[in-house]
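Note sheet for the following structure.
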């Protein structure tokens, strides 16, 4: 059974705990001619161009009753046809008048925030992101551009780049200290995992790194969107399932490890594979390896979602860039609001990844807000079911409502199912139960065996 969608205005969070629900707006029944009301003194009831019909009895005087009846019937048929034709012309004129009203008085685009000086930083960043090669780009550079736009280009790239390079050097030195194979993808990813989840030291250089922690305070970034950023994670040592996987990908890029972003409902995590093509799931919110059964036990992953590969699949470079663009669009919407710039960014994200659940949800938000803005212009409350029926007088607005509903249907068909914050937090907590702990320990033991074999060789 398909999930009903509720209209809302909240922006979505990239691969995170998203408190978003949707609802299906009912499409009003298309009016039949008999449903139209009288239009008073508009010339519709007594049109000036109606030709007077002579009295049939004057025409038929002197004829037989049969002939008179026959001719009278013919005249009646002609009169009905003429009236119907006239009615059709009148209705066509009404629709033309409505269409003219639409085009002259309704603004179909959301107002732009482009007049705000600080939006130029987002336009500059979008130019940079659009210039990236989707098949091969720097996650580090893309992330910096996204966050720096929000901070109005006040961040220093050299400082950010230096910190990432120093961290990469730390990881490589620790791998040497432990005797890990620098060419092994398994070893490099295990080193990254330990960097996020354990305390690491290089005693010869008096260097120490503490594990990252999950930040439960405003983890949706509702009060402060910058809490979703890698720069905040690096500054505080605390993050959530947006910033933690992002930093992992940046550091993997730095040390030459292959790793991928993957999504589950309201969540993102890391996937990687070893030299034998065996896949591992890294859950950075609790510093554990997670079995796929633990991800599925949330109960919010439908078969359609798996078939459409919106969850639990490793993202290609192209899909990852799409995901970063949705993150970028959300930052703009949080800072300024929804406007045509958001739509341009989302359209680019959908071009790169048509099945992106986050891009499709952002698109539905935009279309909903746009529809409500237009409906309000003609005095219609789109949230009042009865009042909503009045959009039948505005064909173009009806068309836009159809577009909104089509977008909701797309999300539904992709396999999306709403997961409340409470359900999400319960699922996160379940990842620390005894069963998951046991799975994590078993995977770690497998790592140890494979790494020891690598060291001996």
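Could you give the radius of gyration (one decimal) and Dmax (whole number) of the Cα atoms in segment 216-270, in Å?
11.7, 36
Can you give the three extents of the C-alpha atoms in segment 119-456 along their principal axes, from longest to shortest, in whole Å?
78, 44, 35
So how do 334, 385 line up by other beta-carbon neighbours within 10 Å, fewest first?
Going from least to most buried by this count: 385, 334.
Can you pull the one-decimal nm distance between simple spin-label points at residue 109 and residue 317, each 7 Å off the Cα toward Cβ?
Using points 7 Å along Cα→Cβ, the separation is 3.4 nm.
So how do 209, 267 line up by other beta-carbon neighbours within 10 Å, fewest first? Before the final figure, lay out the partial values.
Values: 209 18, 267 26.
Final ranking by Cβ density, sparse to dense: 209, 267.
Applying 1/(1 + (r/R0)^6) with R0 = 30 Å to the Cβ-Cβ distance of residue 176 and residue 446, what FRET efficiency is obtained, to the nearest 0.05? Mind showing how you got there, number by number?
On the way: r = 23 Å, r/R0 = 0.76.
Result of the calculation: an efficiency of 0.85.
Sort 146, 69 so that the residue with the fewest other Cβ atoms within 10 Å of its own Cβ comes first and the one with the most comes last.
69, 146
In whole Å, what is the distance between the alpha-carbon centres of segment 262-285 and segment 297-315?
First find each Cα centre; the distance between them is then 13 Å.
Could you give the nm distance between label points at residue 157 and residue 204, where each point is 7 Å from its Cα heading toward the beta carbon?
My value for the distance between the label points is 3.4 nm.
Two-decimal Rg/Rh of segment 276-378 from alpha-carbon positions, Kirkwood Rh? Display every interim value, and only then the final one.
Values: Rg = 16.9 Å, Rh = 15.8 Å.
Answer for segment 276-378: 1.07.
Restricting things to Cα coordinates, could you compute the convex hull volume per residue of segment 302-457 in Å³?
Values: hull volume 27.7 nm³, N = 156.
Taking the convex hull of the Cα positions in segment 302-457, it is 178 Å³ per residue.
Using R₀ = 45 Å, calculate the FRET efficiency as 1/(1 + (r/R₀)^6) where r is the Cβ-Cβ separation of residue 429 and residue 399; round to 0.05.
Details: r = 46 Å, r/R0 = 1.02.
The pair residue 429/residue 399 has a calculated efficiency of 0.45.
FYI, it's all coordinate maths here, none of it is from the lab. Source: prediction; values computed, not measured. A quick note on method: Cβ atoms are made from the backbone with ideal geometry, for glycine too, and the neighbour counts reach across all protein chains shown.
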